[in-house]
Each structure stands twice: as structure tokens, then as C-alpha cells.
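J.: Before I ask anything, here is the structure I am working with.
The values are calculated or read from the model by the stated rules, or taken from the named source; none is laboratory data. These numbers come from a predicted model, not from an experiment. Positions of Cβ are generated from backbone atoms using ideal geometry, with glycine treated the same way; all protein chains shown enter the neighbour counts. Note: areas computed on protein heavy atoms with side chains; ligands, DNA, RNA excluded. Shrake-Rupley method; radii C 1.70, N 1.55, O 1.52, S 1.80 Å.
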Amino acid sequence: MCAFIQVQSHLTVTHFHLYIFYTTYLFTTAVTNVTALAQVDREKIYQWINELSSPETRENALLELSKKRESVPDLAPMLWHSFGTIAALLQEIVNIYPSINPPTLTAHQSNRVCNALALLQCVASHPETRSAFLAAHIPLFLYPFLHTVSKTRPFEYLRLTSLGVIGALVKTDEQEVINFLLTTEIIPLCLRIMESGSELSKTVATFILQKILLDDTGLAYICQTYERFSHVAMILGKMVLQLSKEPSARLLKHVVRCYLRLSDNLRAREALRQCLPDQLKDSTFAQVLKDDTTTKRWLAQLVKNLQEGQVTDARGIPLAPQ
């Protein structure tokens, strides 16, 4: 009986050791396979980057790399430092210029150049390549796309993707990005799109303006002259009127944040007391914002900011400025 127990225990221990060995083997094999797969993918990335330099292989390489840009953390430095790659991406952009005016851009052309823009967005987003990207003034190559007004889908996709590159820059909240953008025509370009673009384009353009305003230098720049402030206020006012007819909580959120930030400037605050749309003072957007506590808080703070320091008569009614 004791011998049987000893044999049984020995078999149990042996099975346990075999199980550990087998599990370890499976895990090691799986890791090896994943590593091998990653290595294959890595080799493919190198291959596609090399293929960007050749016009014959560029289109497929653009497509494949744009698909992989989220899964390869160091793709931006690889693109920036590889020979001829940025020049090839800029060539793709410049090649589209003749199709802008007159507007003859096809869906195929738009998809191809937007793949190139997606890779430039990758470079703009990466901390190792962002400064060099700005120093080379590469965003300026995108501005002709933001000037377009055609409502066709290829042009709308082109504008939206171009805005995405600028949006990726301002999302970093870095001073050098704002300083660079203020030396360019990005504010009037965004204002034009905010007035007449699609909802999605309007949203991204308003986000860019919001990020510029949230920077002290950007706020001071826009409020420096009456012309700049009045242009921004006029477009925001038109957007509020349009939103009262076709509500969009996402877009309204950015519009309210822009107004709130403008109210931080004393001169702008005085002007906003006269020109803030009534729809932001009454219950027009109550239903749209019922679940958005952040925007409701911003809107309440905006109204409070405009009431502070205001001269009133004995009945508490605001007096018109002299």
C-alpha cells in the first residue's frame, strides 16, 4: 500500500513537472512567435519607408505605413531621418496643387495625398521630430488645402486631414507651436472653415482656435486689435446662431470655451457684454447641454465674468458704456 502511494506521488510530481515544462515551452514559443512577427513587421516598415522614395512603389507604401502609424511608436523619427522620405511626402502634396484650382480633385487623388498627410501628422505629433517639423515650415505646405471651398467629398476629406495635422501640433500645448502658428495665416483660415465647413471640419478648426486662445500669447494676439477680435467674435456669433438651428454638443463645447477664454481679456470682456449672442444667455441650449456638466459650468462662468465689474442703475439693469 505504501509502495503504491509512493509510486502515485512520484507520478503526480512527474506530471506536475511535465505540465510546468509544457506550459513554459508554450509560453516561450508564443513569445518567440510574437517576437518573430514583430521582427517581420519591422522589416516591412523599413521596406515601405524605402519604397516611398520610388514613384512606382510609393502609393502602396503610403497606404501601408498610414495603417501602421498608430502601432509603431518610433515611426516618426524613422520617417524624418530616412533619406528622401520627407521630400517624397512633400512631393505628394505639391503634386495635388494643380487639382485645387480649378477644383478637379478625384477621390483617388484625395485618398493618396491624405495618406501622406497622415504620416506628416505622425511626425508633427512626435516630441523628437516636432521642433524640426516646425523649423522646416512644413505646415505651410498644407495651407493651400485649407483655402479650398469646394464641398465635394474629396476636398472635404483633404481639408479635414490637413486640419488634423495642425490639430496634432496644438494638442501638445507647446509655446513654440503657438509662436509659429501666429506668424502664419492659420487664424483666418480656421475662421473661414468655422463659418462654412462641414460639422467635423468646423469642430477641428474651432479646437485649433481654442488652443491658440488658451495660450496667453495667442489670447493677447487676437485681442491686440479690434479687427482681429471682431472677426473672431463675428464668426463665433454666426456659429451660435447656426447651432441654435442645428445643434451639435461637441461643436458647441468648443465655441463656449472660446468665448470663456476671450472673457479673460478685459477689453474683450467689455466688448462681449455688448455682442454675446442671446442664445448663450437664455435656455436655448439647455436640452443640448443637459448631460454636459463641463460646458454648462463654462457657460455659467462666462455669464458671471461678463457681469463682474459691470455698472448698473438703481434697479440692477446694466448701463450702456459712455
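J.: Quote the relative contact order of segment 186-280 in percent (integer), defining contacts as alpha-carbon pairs under 8 Å separated by 6+ residues. Write down the numbers at each step before the final one.
T.: Working: 75 pairs, mean separation 29.4, N = 95.
Relative contact order here is 31 percent.
J.: Oh, and also: Could you tell me which of M239, F229, A271 has its Cα farthest along the dipole of segment 186-280 towards the positive end, charges placed at Cβ (Lys, Arg +1; Asp, Glu -1), taken about the Cα centre?
T.: After comparing all options, I get M239.
J.: Of L260, L200, which has the most accessible area and how do the rest follow, probe 1.4 Å? Intermediate results must be reported in sequence, preceding the final value.
T.: Numbers: L260 15, L200 75 Å².
Per-residue accessible area, sorted high to low, gives L200, L260.
J.: I want the local charge near L169. Using Cβ-Cβ distances under 14 Å, sum +1 for each Lys or Arg and -1 for each Asp or Glu among the other residues. Could you put the intermediate results ahead of the total?
T.: Numbers: positive: R130, K171, K211; negative: D173, E174, E176, D215.
Its environment carries a net charge of -1.
J.: Accessible surface of H108 in the full protein assembly, 1.4 angstrom probe, to the nearest 10 Å²?
T.: 110 Å²
J.: For E92, tell me the accessible area in Å² from a 1.4 Å probe, rounded to the nearest 10.
T.: Rounded to the nearest 10, that gives 10 Å².
J.: Rounded to the nearest 10 Å², what accessible area does F180 show when all protein chains are kept and the probe is 1.4 Å?
T.: 20 Å²
J.: So what is the relative contact order of segment 206-261, in percent, for Cα pairs below 8 Å that sit 6 or more residues apart?
T.: Value for segment 206-261: 52 percent.
J.: Among K245/K281; K171/K296; K67/K253, which pairs are too far apart, with a Cα-Cα distance over 28 Å? List each step's numbers first, then the result.
T.: On the way: K245/K281 16 Å; K171/K296 23 Å; K67/K253 30 Å.
Exceeds cut-off: K67/K253.
J.: What number comes out for the charge environment of T57, summing +1 per Lys or Arg and -1 per Asp or Glu over other residues with Cβ under 11 Å away?
T.: Values: positive: R58; negative: E51, E56, E59, E64.
Result for the local shell: -3.
J.: Once R0 is set to 35 Å, what does the formula 1/(1 + (r/R0)^6) return for the Cβ-Cβ distance between Q279 and E176, expressed as a FRET efficiency to the nearest 0.05?
T.: Numbers: r = 37 Å, r/R0 = 1.06.
Rounded to the nearest 0.05, the efficiency is 0.40.
J.: Oh, and also: Arrange the peptides 114-124, 68-78 so that the one whose residues have, on average, the most other Cβ atoms within 10 Å appears first. Please list the in-between numbers first.
T.: Working: 114-124: 23.9, 68-78: 14.9.
Highest mean packing first, the order is 114-124, 68-78.
J.: Just grab the label-to-label distance for A300 and R192, each label 7 Å out from Cα along the Cβ direction, in nm (one decimal).
T.: So the label points at A300 and R192 sit 4.0 nm apart.
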